[in-house]
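The values are calculated or read from the model by the stated rules, or taken from the named source; none is laboratory data. Note that the structure is predicted; figures quoted are calculated from it, not measured. Cβ placement follows ideal geometry from the backbone for every residue including glycine, while neighbour counts extend to all protein chains displayed. These area figures cover heavy atoms from the full protein model, side chains too; ligands, DNA and RNA do not enter into them. Shrake-Rupley method; radii C 1.70, N 1.55, O 1.52, S 1.80 Å.
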Number of protein chains: 2
Amino acid sequence: MKRIMLLTIAIGILAGIVALTARASRNTNQTNTPALVTEIPAGYREWRFISVAHEEGNLNSFASILGNDIAIKAYRQGTLPFPDGTIIAALHYRFIPSAENNKAFGRDQSFVAGVPTNIQFMVKDSKKYAATGGWGFGHFNNDAKPVDDAFMKTCFPCHQKIKERDLVFTRYAP
Amino acid sequence: MKRIMLLTIAIGILAGIVALTARASRNTNQTNTPALVTEIPAGYREWRFISVAHEEGNLNSFASILGNDIAIKAYRQGTLPFPDGTIIAALHYRFIPSAENNKAFGRDQSFVAGVPTNIQFMVKDSKKYAATGGWGFGHFNNDAKPVDDAFMKTCFPCHQKIKERDLVFTRYAP
């Protein structure tokens, strides 16, 4: 009985070390770029819905864009620029055909969310992220592979193209 | 005088019979589709995110599926059948290309939510909707056009095809 307990504890400690190492390596990787959001904002999966998006081609993604309370309020009131504390989350999944839906419909027409691929965040903090329009950018792969700096450096230049909406592409779906 | 009184009474009774018949026939008409949700559930736009979906062809729809607290809890815990009080909402929009996103990406690949078209609801009440697997079905067009019975009669037979998941097609996106 004692052995089982010790084994359980040992496995627990091991799992903890693995988790910490994974998190540490991800953090280290991200410290080079100041606009990086290095931790996944807590509770994002409980946030309210902003809109949906689909990218074809290599991305082949299905996105749901959610916002924290500050984001939702700003969207609904049309507040621009977004106030500090705004966080927008883009939950990305693979864009896949649904065999079971197609069977029910009797024709091939249905696409659903496949495996989760990554989550991206935009965090508004006009002081901390002053160099990048007040926005911090985060990208967290679901396979826990770290994101390289080169990739993250593309966020701000692209989002800058939508200056008239404070660097936010997604419009609110009523 | 007596004759006029009798005639008036007779007409009154006749009118009553006509009115009752009309109501009865309407009820009959509605009792054929007892599974109708006739009012939009309050606060659905604040609910949490379940998943996304896209239908090609005539529907050309982009959907976000949201759930009330009971729905989200049941999904996360894998509770089947869904408990009474569960409400699932499918917010439908047109599936349209995004010119501004495509411009930023430098290629045509981006699709977003267009105008809202309709909202569909599934409401679980195992007593009220006993005849249709415990689910009431609602469809509310954004253009406020009423939905005819023939259309609503298609809900249950199709959803019955996914009995193994308590008539709910949408899977939870983590």
Review point. Only one residue in A:Val115, A:Val123 is open to solvent by 40 Å² or more (accessible area, probe 1.4 Å), aliphatic (A, V, I, L, M) and part of a strand (DSSP E or B). Which one?
Key: A:Val115
Review point. Here are some conditions: (1) within 27 Å of B:Glu46 (Cβ to Cβ); (2) under 18 Å from the mean Cα position of the chain (by Cα); (3) β-branched (Val, Ile, Thr). A:Val115 meets all but one. Which one does it not meet?
Key: (1)
Point to revise | Residue ID - nearest to the other protein chains (Cβ to nearest Cβ), chosen from residues in segment A:97-119 that are free of Cβ contacts under 8 Å to residues at least 60 places away in the same chain and closer than 24 Å to A:Met152 by Cβ | key: A:Pro116
Review point. Of the numbered conditions (1) open to solvent by 30 Å² or more (accessible area, probe 1.4 Å); (2) closer than 25 Å to A:Ile65 by Cβ; (3) at pLDDT 95 or above, B:Gly106 satisfies every one except a single condition; which is it?
Key: (3)
Point to revise | Checklist (1) open to solvent by 20 Å² or more (accessible area, probe 1.4 Å); (2) in contact with a strand residue (DSSP E or B) (Cβ under 8 Å, 6 or more places away or on another chain); (3) within 21 Å of A:Tyr44 (Cβ to Cβ) applied to B:Ala71, failing item | key: (1)
Check your understanding: Taking segment B:54-71 as the search range and keeping residues that are of a type in the set (A, V, I, L, M, F, W, C) and over 17 Å from B:Trp135 (Cβ atoms), which one is nearest to the other protein chains (Cβ to nearest Cβ)?
Key -> B:Phe62
**Study point:** Failed condition for A:Thr86, given (1) touching a Pro at 6+ places or on another chain (Cβ under 9 Å); (2) more than 8 Å from chain B (Cβ to nearest Cβ); (3) buried (at least 17 other Cβ atoms within 10 Å of the Cβ)
**Key:** (1)
Check your understanding: What number of residues within segment A:159-174 are of a type in the set (Val, Ile, Thr) and assigned to a helix (DSSP H, G or I)?
Key -> 1
Practice item. Tell me which residues, restricted to segment A:126-158, are part of a helix (DSSP H, G or I), open to solvent by 40 Å² or more (accessible area, probe 1.4 Å) and closer than 24 Å to B:Ala113 by Cβ. Key: none
